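J.: One structure coming up, written as structure tokens, with questions to follow.
Readers should treat all values here as calculations from the given coordinates under stated rules, not as data from a laboratory. Treat the numbers as computed from the prediction; the structure is a model and nothing was measured. Here the Cβ is made from the backbone with ideal geometry for all residues, glycine too, and neighbour counts use every protein chain on show.
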Amino acid sequence: MNESNTEKLLNQILESVDGNDLQKLNTIVEQSNSFEILSVIQMSKLDVQLTVFEALSPRKKVEVFEQLDITAQLAIISAQSEENKIQIVNGMQPDDRVNLFVNLPLQLQESLMNSLTKSEQEVTVQLMRYSKNTAGRLMTPKFVELSGDMTVSSAIQKIKLEAKDKESINTAYIVDENGQIKGTTTLRQLLSADSDWMLDEIMDTKVVKVYTDSKQREIVQIMQTHDLLDLPVVSLDERIVGIITVDDALDIQEEQTTMDYFDKVGILSLRKCQNRISPLLKCSVLKLFWARLPYLVLALIGGLAVSAILGKFEIISNLYFAVAFVPLVLNIASLIGLQSLAIYKRAVSLRQIDGKNFKSYVLKEIMVGLFLGFTLGVISAIVVYGWSMDYFADSPFNNSAKLAMVIGLALIICTVFVSMLGVTLPYFLSRIKLDKLAVDPILLVLKDISCLCLYFLVYGVLMGNFH
């Protein structure tokens, strides 16, 4: 479903909700598939999310709920009746249910755990025992298990009977009496083989597998290398205990790609904002602030060090001190701009930004830039004030307080401006069909020009002249 169709559906639903036309809403929801509803819920506020979710059939509720980010899941499950909560958690796949349970308050977790059937309780408790981000936590125990002495026809019949209770039937696993994997066969192989052939005769004995303590990155690499739709997970004694499906691997890959992408520009600790397909734009201003601050402080230290080195060479007449701190301002502005651009580009690639939420996103980015600029500006002003008092007493920059104000205020203004530039520039280029241009170097050039002008403008205003 393309973006325009999603917006059209959202508008229809909003009209029904605003007009309290529940009959029309039910009709729209019934005629839409789960993916379309998921897209609408991701773009809506909580009150609309709850209204739309309530209109779904029990089956669609589970399908949509499983694909929501954990923040939306917690908000929606908390607002459900006890009956709905029980229906939802009992209908979820075990691995998705565990991901929800480990984020629930303990009291609610115990209540929902007690509502599960005995078999589902056992499966859920078993998966929760495994460490986070390991194959054991990600796997589902609902896979097709066959015996080598079965014929093709009996295997197909068994798959037909069990298919609705399995998460995947792409691959069937042939096991021995100890539960260890002897080989695998695909549904395609079974359908193309003679009905009286034995599974031992057609199975593939070269089994690719992982262990319950295998890490996420290893899992994705193995599934990519071998082009697998399902990957068996075995215990230390080689018994198969579950499988990891390709959709879970794609979720892992998406999260890893996002984290690796952010690591390159010094953005940390956004994992809580990016579970599965969680919109990055739902991160609060404070979370974004703390995630971006550490490397900016490191850049600040580097910039101050460069300024200190320049401070040993008095060769630039009366603009000496102003020029000495140019690298500091440009260094901070560069990293700020690249961070803003990285978050914007990643959100666009995940289809989380559109014309309707762009303005609110820009305002949030300006707020983050203001917080970062104020923090870095205050730190810089304090350091510069101390330096000017100790070392620059006889220089033309004899007003230490004014010097500190120049550096601090320039950092705040440049940080806010470049934060906004990092999201508005690529958006503007996309609007005029020039989004294929390399945005990063364009951003850096514009940043250098604008921040240099802003810096010396602040210098001129506060210091009174440019001599």
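J.: Report, in debye and to the nearest 20, how large the dipole of the chain comes out about its Cα centre when Lys and Arg carry +1 and Asp and Glu carry -1 on their Cβ.
T.: 1680
J.: Ranked highest first by average number of other Cβ atoms within 10 Å, how do 191-200, 205-214 line up?
T.: Answer by packing, highest mean first, reads 205-214, 191-200.
J.: What is the order of Glu177, Glu122, Glu167, Glu83, fewest Cβ neighbours within 10 Å to most?
T.: Ordered from fewest to most neighbouring Cβ atoms within 10 Å, Glu177, Glu122, Glu167, Glu83 come out as Glu177, Glu83, Glu122, Glu167.
J.: Computed from these coordinates, which is Rg/Rh (Cα atoms, Kirkwood Rh): (i) 0.96; (ii) 1.42; (iii) 1.10?
T.: Working out Rg/Rh (Cα atoms, Kirkwood Rh) from the coordinates points to (iii).
J.: Something else about it: Going 7 Å from the Cα of Asn90 toward and past its Cβ, which residues in the stretch 121-140 have a backbone nitrogen under 20 Å from where you end up?
T.: Of the residues in the stretch 121-140, 121-126 have backbone N under 20 Å from the label point off Asn90.
J.: How would you rank Arg188, Arg292, going from fewest to most other Cβ atoms within 10 Å of each one's own Cβ?
T.: The order, fewest Cβ neighbours first, is Arg188, Arg292.
J.: What length, rounded to one decimal in nm, is gained on full extension from Leu106 through to Met198, with 0.36 nm per residue of separation minus their alpha-carbon distance?
T.: 28.2 nm
J.: Something else now. Please give the helix 285-310 orientation as an angle from the longest Cα principal axis of the chain, in degrees from 0 to 90, rounded to the nearest 10.
T.: 40
J.: Ok, one more. Which angle between 0 and 90 degrees, to the nearest 10, do you get for helix 246-263 versus the longest principal axis of the chain when only C-alpha atoms count?
T.: Taking Cα atoms only, the helix is inclined about 10 degrees.
J.: Mind ranking 53-59, 135-141 by how tightly packed they are, going by the mean number of other C-beta atoms within 10 angstrom, highest first?
T.: So the peptides 53-59, 135-141, ranked by packing, come out 135-141, 53-59.
J.: Now, a different point. Could you give the dipole magnitude of the stretch 3-130 about its Cα centre, charging the beta-carbon of Lys and Arg +1 and that of Asp and Glu -1, in debye to the nearest 20?
T.: With only Lys, Arg, Asp and Glu charged at Cβ, the dipole is about 260 debye.
J.: Specify the angular offset, from 0 to 90 degrees and rounded to the nearest 10, of the alpha carbon long axis of helix 46-55 from the longest principal axis of the alpha carbons in the chain.
T.: Between helix and principal axis, roughly 10 degrees.
J.: Using only the Cα atoms of the stretch 3-130, what are the Rg and Dmax in Å?
T.: Looking at the stretch 3-130, its Cα Rg and Dmax stand at 15.4, 48 Å.
J.: Report, in deg cm²/dmol and to the nearest 500, the calculated mean residue ellipticity at 222 nm for the chain, where each DSSP H run with n ≥ 4 adds -39500 (n - 2.57) and the sum is divided by the residue count.
T.: Theoretical 222 nm ellipticity from helices: -21000 deg cm²/dmol.
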